[in-house]
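Peer 1: Have a look at this one.
The values are calculated or read from the model by the stated rules, or taken from the named source; none is laboratory data. All figures in this text were calculated on a predicted structure; none of them were measured in a lab. A quick note on method: Cβ atoms are made from the backbone with ideal geometry, for glycine too, and the neighbour counts reach across all protein chains shown. The accessibility values were calculated without ligands, DNA or RNA, using every heavy atom of the protein model including side chains. Shrake-Rupley method; radii C 1.70, N 1.55, O 1.52, S 1.80 Å.
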Amino acid sequence: MTMGSPHAEDSTRILTRHWERTDDFAPRSGTAARTGWVVRTWGPSRCADALVTALLTEGAEVTLVREDASTGGGARGEHHVLFLDEAVPLTGLDLADEGSWAWAHAAVRLCRHVASLPGARLWIVTRTGLNGPARGAVTRPEQDFVWALGRCHAAESPESWGGLVDVSIDDPRVAGRALADYLLSGSPEDEVLLADDGPSVARLRASLLPPAASGHGVSMDRLHLVSGGALGLSFEIERWLAGRGAKRLLILGRTPLDDDRKRNLRRLESMGCAVDHEVLDVGDPRSVRRLTARLRGEAVGGVFHLASHPHATSATPEQTRLLIGAKAGGALLLGELAEELGAEAMVLFSSAAATLGSPGQTGYAAANAVLDGVARRLHGGRVRAVSIAWGPVGDVGFGATREGADLHEVWERLGLGRLTVGQVLSAVDMALSQDEPNLSVVTWEGSTPGTPPWFRQRPVLEALSAVEPVGLSLEHLAELADEQRVQYIVQVVGKHLANMLNRAPDDIDPDRPLLRLGIDSLIALELLFVIDREFAVRLELREVLVDLDATLRTTAGKLDERVRVAR
């Protein structure tokens, strides 16, 4: 018996990344000599060495830093390039050692460091072996972590962002020269694949949810594994499987059964499904390997990975560490389990924050992106794998919490709606019938969503960018005398800020620090969108949240200066 497909709602959109061939990048004359370069590597990198040689040949000043052997501090230069292309792939028990993810934490720190340097920019170079039509023998699905990290950096700190490059060129000297040509070209492309047959650039395309093809689901008489416990969206997937005739479920979760979880298990059993629940951390290699050994000989249908961690969107180093274990480490380990047990399919639940970038959600987005790499590694093998990066999901799980609802309201005001559980289940059904390892599923009305500012600045997202007016208040601002301009900006921005804080405009003190007005990262994010729409000025998230003394009036003064410079 296989899964069927309920009717999909018309507002559901499927986003897929495509690689398009482009002309060779041509360096601009004199570009290298006008700035200093810091080439940073995690471990030895022959491509990095070749890049240094190519930049020196062009007359650049270059500093080479081994990130795994130093703190990276003190190196001077405006342009920073981080190489992870020869980092040792993560396999097996390496995941039990927190040091195996040290490169990821170093990349997070470097992003923050570069964002704090005036005029600095950052590029990140990987060799995943997973991008483009020609794939390498060595694969590093974990390196998708830094691709989502870069996308979030582009959203938070666009002025300090350079790009992401995946290298698929065998000769390191050729790779270094091709990379130098790209870096010195001034190209706005920031998701690039360098291959032996030439460069390609990424484009995200949207389409309506297609119907699920019959006969391509998973067999209901096999055992199905679901990580993430017996609550929230995990339970909705379990109930969906049981409703389609699944005979046996093994539910994996870190939390022991309480009354709510026990009640949900009874509901599944009442549907004719035999259910086992096991307290297990899917990010623990030894536990997952013991489970794999115990299940040998079982006929496994689907492996569904939904495990995450409470407070998953927090951006602290500790929360990033926990997310890496539960989400990223769990994906790598369950991917190995699915292969060893000969599972029919694997479905990994990722986040659209990893695909689109999202200010303030760096660790969450980066950990989720590893799921995309795992699905691409499995693609074409015996396990039919797909990673689905979900837009905001209402009704259940994080979307049913206060924090989730607040975040989703911000996205909703931008035009990106909340997915229903029904839309999620329809999309899972469709994804199991397609031959595409990475999909993003979002919902919006019309041909394009409302456009966050960074969509317009990144070529990979240009097809999703609605043509919306910006600078709505600039015409009136230009008519005002110099002494009136700042007060006018205070009034315009203050009115929007009052609405966000559910206050009257007169209650907003323009001389009180913004943080003391109750602005958190979500409100700061929305405030940046408002400023861009009204005055066509891109502020960075840190300019609102990091400056403890910033007030509405000082921010208005900064905006006025930026507007004058732009004119």
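Peer 1: If the chain between Glu409 and Ser11 were fully stretched, how many nm would it gain, using 0.36 nm times the residue separation less the Cα-Cα distance?
Peer 2: On the way: separation 398, 0.36 × 398 = 143.28 nm, distance 1.75 nm.
In short, 141.5 nm is gained.
Peer 1: Any chance you could run the full-extension gain for Arg112 through His18? It's 0.36 nm times the residue separation minus the Cα-Cα distance, nm to one decimal. Spell out each step's value before the answer.
Peer 2: Working: separation 94, 0.36 × 94 = 33.84 nm, distance 2.92 nm.
Length gained between Arg112 and His18: 30.9 nm.
Peer 1: Please turn the phi angles of the stretch 25-38 into ³J(HN,Hα) values with the Karplus equation 6.51 cos²θ - 1.76 cosθ + 1.60 (θ = phi - 60°), one per residue in order, whole Hz, x for glycine and proline.
Peer 2: 6, 10, x, 7, 4, x, 4, 4, 6, 7, 8, x, 10, 10
Peer 1: Another question, if that's okay. At 7 Å along Cα-to-Cβ for each site, give me the label-to-label distance between Arg562 and Arg34 in nm.
Peer 2: Computed distance between label sites Arg562 and Arg34 equals 2.3 nm.
Peer 1: Please list, in order along the stretch 549-557, the HN-Hα scalar couplings obtained from phi with the Karplus expression 6.51 cos²θ - 1.76 cosθ + 1.60 (θ = phi - 60°), rounded to whole Hz, x for Gly and Pro.
Peer 2: 9, 5, 10, 4, 6, 5, 5, 5, x
Peer 1: I'd like the Karplus ³J(HN,Hα) series for the stretch 240-250: coefficients 6.51, -1.76, 1.60, θ = phi - 60°, whole numbers in Hz, and an x wherever there's a Gly or Pro.
Peer 2: Per-residue couplings from phi come out as 5, 5, 4, x, 9, x, 4, 8, 9, 10, 10 Hz.
Peer 1: Please give the helix 330-341 orientation as an angle from the longest Cα principal axis of the chain, in degrees from 0 to 90, rounded to the nearest 10.
Peer 2: 30
Peer 1: Right, something else. Label the stretch 171-282 by shape, choosing from rounded, prolate and oblate, from the square roots a ≥ b ≥ c of the eigenvalues of the Cα gyration tensor; if a/c is under 1.5 it is rounded, and otherwise prolate applies when a/b is larger than b/c, oblate when it is not.
Peer 2: Details: a/c = 3.45, a/b = 2.50, b/c = 1.38.
Verdict is prolate for the stretch 171-282.
Peer 1: So for the pair Glu298, Glu543, with labels modelled 7 Å out along Cα→Cβ, what separation do we get in nm?
Peer 2: 5.4
Peer 1: Calculate I(q)/I(0) for the chain by the Debye formula, one identical point scatterer on each C-alpha and no solvent, and give its log10 at q = 0.08, 0.10, 0.12 Å⁻¹ to two decimals.
Peer 2: -0.56, -0.87, -1.20
Peer 1: Hey, if we sort Lys495, Lys247, Lys558 by accessible area with the 1.4 Å probe, largest down, what's the order?
Peer 2: Working: Lys495 140, Lys247 115, Lys558 65 Å².
Ranked list, largest accessible area first: Lys495, Lys247, Lys558.
Peer 1: Can you send over the carbon and sulfur percentage of the accessible area for the stretch 345-424, probe radius 1.4 Å, protein chains only?
Peer 2: On the way: 1070 of 2160 Å².
Here it works out to 50 percent.
Peer 1: With a Förster radius of 35 Å, plug the Cβ-Cβ distance of Ala498 and Lys262 into 1/(1 + (r/R0)^6) and report the FRET value to the nearest 0.05.
Peer 2: Working: r = 46 Å, r/R0 = 1.33.
Efficiency, rounded to the nearest 0.05: 0.15.
Peer 1: Using a 1.4 Å probe on the protein chains only, how many percent of the accessible area of the stretch 477-567 belongs to carbon and sulfur? Numbers along the way, then the final one.
Peer 2: Working: 2160 of 4630 Å².
It is 47 percent, rounded to a whole number.
Peer 1: Let me ask something else. Counting only heavy atoms of the protein chains, get the accessible area per residue of the chain (1.4 Å probe) and round it to a whole Å² value. Mind showing how you got there, number by number?
Peer 2: Details: 22960 Å² over 567 residues.
Result: 40 Å² of accessible area for each residue.
Peer 1: Something else: Within 10 Å, count the other beta carbons around each residue, average over each peptide in 115-126, 196-207, and list them highest first.
Peer 2: Details: 115-126: 19.0, 196-207: 16.2.
Going by the mean number of other Cβ atoms within 10 Å, highest first, we get 115-126, 196-207.
Peer 1: How high is the FRET efficiency between Thr91 and Val279 when r is their beta carbon distance and R₀ equals 22 Å, given to the nearest 0.05? Working shown, then result.
Peer 2: Numbers: r = 26 Å, r/R0 = 1.17.
About 0.30, to the nearest 0.05.
Peer 1: State the answer as a single residue: which of Leu225, Ala206, Tyr488 lies farthest towards the positive end of the charge dipole of the chain, with beta carbon charges of +1 for Lys and Arg and -1 for Asp and Glu, about the Cα centre.
Peer 2: Working it through, the farthest residue towards the positive pole turns out to be Leu225.
Peer 1: What is the stretch 474-566 by shape, rounded, prolate or oblate, if you read a ≥ b ≥ c off the alpha carbon gyration tensor as root eigenvalues and call it rounded for a/c under 1.5, prolate for a/b larger than b/c, and oblate otherwise? It would help to have the intermediate numbers written out before the result.
Peer 2: Numbers: a/c = 1.65, a/b = 1.38, b/c = 1.20.
It is prolate, given that a/c is not under 1.5 and a/b is the larger ratio.
Peer 1: Compute the distance in nm between two label points, each set 7 Å from the Cα along the Cα-to-Cβ direction, one at Arg66 and one at Met271.
Peer 2: 5.5
Peer 1: Rounding to the nearest 10 and keeping the result within 0 to 90°, find how far the Cα-based axis of helix 421-431 lies from the longest principal axis of the chain.
Peer 2: It is inclined by approximately 80 degrees.
Peer 1: Which order do the peptides 378-384, 15-21 come out in when sorted by mean C-beta neighbours inside 10 angstrom, highest first? Don't skip to the answer; put the middle values down first.
Peer 2: Working: 378-384: 17.6, 15-21: 15.1.
Per-residue mean Cβ counts within 10 Å order the peptides as 378-384, 15-21.
Peer 1: Among Val138, Thr554, Thr41, which residue has its Cα furthest toward the positive end of the charge dipole of the chain, with +1 on Lys/Arg Cβ and -1 on Asp/Glu Cβ?
Peer 2: Val138
Peer 1: Answer rounded, prolate or oblate for the stretch 122-199, using the Cα gyration tensor with square roots of eigenvalues a ≥ b ≥ c: rounded when a/c is under 1.5, else prolate when a/b is larger than b/c, else oblate. Working shown, then result.
Peer 2: Values: a/c = 2.39, a/b = 1.28, b/c = 1.87.
It is oblate, given that a/c is not under 1.5 and a/b is not larger than b/c.
Peer 1: Principal axis extents for the stretch 269-367, Cα atoms only, whole Å, descending order, please.
Peer 2: Here the spans come out as 44, 31, 22 Å, largest first.
Peer 1: Just from the alpha-carbon atoms, what are the Rg and Dmax of the stretch 209-462 in angstroms?
Peer 2: Cα only, the stretch 209-462: 17.5, 52 Å (Rg, Dmax).
Peer 1: Considering amide H positions built from the backbone, and no H for Pro or chain starts, which residues 5 or more places from Ser387, or on another chain, come under 5 Å of its amide H?
Peer 2: Leu348, Asn438, Leu439
Peer 1: Does anyone have the angle between helix 144-156 and the longest principal axis of the chain? Alpha-carbon axes, 0 to 90°, nearest 10?
Peer 2: Helix 144-156 and the main axis of the chain meet at about 40 degrees.
Peer 1: Out of all Cα-Cα pairs in the stretch 20-201, roughly what percent, to the nearest whole number, are more than 22 Å apart? Working shown, then result.
Peer 2: Values: 6710 of 16471 pairs.
Above the 22 Å cut-off, the stretch 20-201 has 41 percent of its Cα pairs.
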